[in-house]
Amino acid sequence: MHTEKNWGEALFGIVMDISDKTKDNVKARVDLAMLCDRPRYEMRTPGPGRKWKKTQADFVLTRAQKKEALEWIQKL
């Protein structure tokens, strides 16, 4: 049961883009440049005094999609 719970929570955290629950962080994006050929997702070095900024992944839901999904879960 714990495996299913952990798997479900991880998937929910990734799709809803919950910052504490997702594994899609700056370190993963920097490593992506070495491992894959996906320039759209690569992190570029920020200018002085700036923070890292990552692009939104394709699998993350938009605000309207999140609202619809949560309403559907509430109706269950």
Taking the chain and counting helices only, DSSP H stretches of n ≥ 4 at -39,500 (n - 2.57) each over all residues, the nearest-500 ellipticity at 222 nm comes to -15000 deg cm²/dmol
Protection proxy (average C-beta count within 10 Å per residue), highest first, orders 10-23, 59-72 as 10-23, 59-72
Cα-based Debye curve of the chain sampled at q = 0.16, 0.25 Å⁻¹ gives log₁₀ I(q)/I(0) of -0.74, -1.20
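Given 0.36 nm per residue, what is the gain on full extension from residue 19 to residue 6 after removing their alpha carbon distance, in nm?
Length gained, residue 19 through residue 6: 3.0 nm.
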Looking only at lysines whose Cα falls under 28 Å of residue 54's and that sit 8 or more positions away or on another chain, we get 21, 23, 27, 66, 67
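Coordinate-derived values only; no laboratory data. The shown structure was predicted, so the numbers you read here are calculated from the model rather than taken from an experiment. Every residue, glycine among them, receives a Cβ derived from its backbone with ideal geometry; neighbour counts consider all protein chains shown.
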